[in-house]
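The next block holds one structure in the form of structure tokens; read it before the comments.
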Amino acid sequence: MNLLTVDPSKLSQEEKIELVKESDGFLIDILEGLEVGGYLDLEGCTSLTHLPKGLKVGGDLNLYGCIALTHLPKGLRVGGYLYLWRCTSLTHLPKGLEVGGSLDLQKCTSLTHLPKGLKVGGNLYLWKCTSLTGLPDDLDVKGEIYLPKHLKGK
């Protein structure tokens, strides 16, 4: 696909997602308002700094290794698992984030806190989140919580 001659309004949902992957995340805003019924895989988009407003994913959202990603948008909904493993620039999550499956934040070394109102339908993985200072009082996790070493026993 020639990125210079593409009209995003004429692309299918799948073609838009492929274009975002080919651009290494630079063209993420063409997905604004996107609703994906199943799995959305943006793994390894190392230039991806943010996600578009209004993004809703009915299944899993894979952002593994998106090392430039700093935050997630308000209103993001993920029906399945949310993989943020090795998103080393991620500093915070939106208030009231709801994840239907597990939330994997392993090695998110810039994440300092979790938001109020965070709801996780599965497990919460926080291993090697070395900057995390604690957990919110209203944290709602249906599965297990896997804490980083420095928070165990607190």
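The values are calculated or read from the model by the stated rules, or taken from the named source; none is laboratory data. As the structure is a computational prediction, the values presented were derived from the model and not from experiment. Note: ideal-geometry Cβ built from the backbone for every residue, glycine included; neighbour counts use all protein chains shown.
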Residue match in the range 137-147 (condition: touching a His at 6+ places or on another chain (Cβ under 8 Å) and not in a loop (DSSP other than H, G, I, E, B)): no
Residue within the range 74-85 that is loosely packed, with under 14 Cβ neighbours inside 10 Å, under 24 Å from residue 125 (Cα atoms), under 13 Å from the mean Cα position of the chain (by Cα) and at pLDDT below 95 present: yes
Given (1) assigned to a loop (DSSP other than H, G, I, E, B); (2) surrounded by fewer than 16 Cβ atoms within 10 Å (Cβ to Cβ), number of the condition residue 150 does not satisfy: (1)
The range 6-23, subset surrounded by 15 or more Cβ atoms within 10 Å (Cβ to Cβ) and out of contact with any strand residue (DSSP E or B) (no Cβ under 9 Å at 6 or more places or on another chain), residue nearest to residue 41 (Cα to Cα): 20
Residues satisfying the stated conditions in the range 62-96, i.e. under 13 Å from residue 34 (Cα atoms) and either of a type in the set (Asp, Glu) or not in a loop (DSSP other than H, G, I, E, B) (or both): 77, 78
Filter result for residue 153 (out of contact with any Lys or Arg (no Cβ under 7 Å at 6 or more places or on another chain) and at positive phi): yes
The range 86-131, residues that are surrounded by fewer than 19 Cβ atoms within 10 Å (Cβ to Cβ) and aromatic (Phe, Trp, Tyr): 127
